[in-house]
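Working notes, beginning with the structure itself.
The values are calculated or read from the model by the stated rules, or taken from the named source; none is laboratory data. Just so you know, these numbers come straight off a predicted model, no measurement behind them. With ideal geometry, Cβ positions are generated from the backbone for all residues, glycine too; neighbour counts draw on all protein chains shown. Only protein heavy atoms, including side chains, enter the accessible area calculation; ligands, DNA and RNA are left aside. Shrake-Rupley method; radii C 1.70, N 1.55, O 1.52, S 1.80 Å.
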Amino acid sequence: MESACVTIHEALRTVVDSQTHYRLHEAQDRTRAEDLHSRVSYWSLGETIALFVVSVSQVLLLKSFFTEKRPVNRAAHS
C-alpha cells in the first residue's frame, strides 16, 4: 500500500513538473507573439505613412505636368 502511494506521488510530481514546464514555455511564446505583434503593427503604420506620402507626391507631380504655366506680363504690373 505504501509503495503504491509513493508511486502515485512520484507520478503526480512528474505531472506537476511537466505542467510547470509547459506553462513557462507558453508564457515565453506569448511574450514573443505580443512583441512580434507590436513590431508588425509599427511596421504597418510606417508603410501606411510612406504609401500616403508617395501617393500625395505623385499626385502633385502629375498635376504639375498638366497645369498651364502662364507667362508673366511685366507691363501689366508696372
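For the chain, what is the accessible area per residue in Å², given a 1.4 Å probe and the full set of protein chains? Working shown, then result.
Working: 7880 Å² over 78 residues.
Roughly 101 Å² per residue, with all protein chains present.
How charged is the neighbourhood of H9? Take every other residue with its Cβ under 13 Å from the Cβ of H9, and add Lys/Arg as +1 and Asp/Glu as -1. Numbers along the way, then the final one.
Numbers: positive: R13; negative: E2, E10, D17.
Local charge sum for H9: -2.
Separation of region 54-69 and region 1-51 by C-alpha centroid, Å?
Measuring centre to centre over Cα atoms gives 53 Å.
Share of the chain's accessible area from carbon and sulfur, percent, 1.4 Å?
Numbers: 5050 of 7880 Å².
Its accessible area is 64 percent carbon and sulfur atoms.
Spin-label point model (7 Å from Cα, Cβ direction): what's the V54 to R32 distance in nm?
Each label point lies 7 Å from its Cα, and together they span 3.2 nm.
Compute the angle between helix 2-66 and the longest alpha-carbon principal axis of the chain, please, reported from 0 to 90 degrees and rounded to the nearest 10.
0
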